[in-house]
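Worksheet: the structure to be examined is printed underneath.
The values are calculated or read from the model by the stated rules, or taken from the named source; none is laboratory data. All values derive from a computational prediction rather than experimental measurement. Positions of Cβ are generated from backbone atoms using ideal geometry, with glycine treated the same way; all protein chains shown enter the neighbour counts. Only protein heavy atoms, including side chains, enter the accessible area calculation; ligands, DNA and RNA are left aside. Shrake-Rupley method; radii C 1.70, N 1.55, O 1.52, S 1.80 Å.
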Amino acid sequence: MKVQRKRTGTAAQRVLTAEIAVVGALALALFVTELPSIMREMKIWRIAGGLRAGHRYP
């Protein structure tokens with residue numbers, strides 16, 4: 001008697017899922033390493049006046 005196994009997906013689907021996980025991890029790592037620079041730029045932007053300073057700094 002054959003035992004029916006539940007298929008979790010084809011090999012291509014598993015490879016695609018793994019690739020998505022790797023790309024997501026790399027994107028997250030890049031964002032985390034750039035976070036201090038982003039925070040610094042936001043502080044400079046706020047000091048310069050933010051949205052209210054649009055006409056002063058072209």
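Within region 2-33, the residues that satisfy the criterion of being open to solvent by less than 100 Å² (accessible area, probe 1.4 Å) and either among the β-branched types (Val, Ile, Thr) or touching a residue at least 60 places away in the same chain (Cβ under 8 Å) (or both) are Thr10, Val15, Thr17, Val22, Val23, Val32, Thr33.
Would you confirm, using the coordinates I've provided, whether Leu26 is at pLDDT 90 or above and either part of a helix (DSSP H, G or I) or out of contact with any helix residue (DSSP H, G or I) (no Cβ under 7 Å at 6 or more places or on another chain) (or both)? It is true that Leu26 is at pLDDT 90 or above and either part of a helix (DSSP H, G or I) or out of contact with any helix residue (DSSP H, G or I) (no Cβ under 7 Å at 6 or more places or on another chain) (or both).
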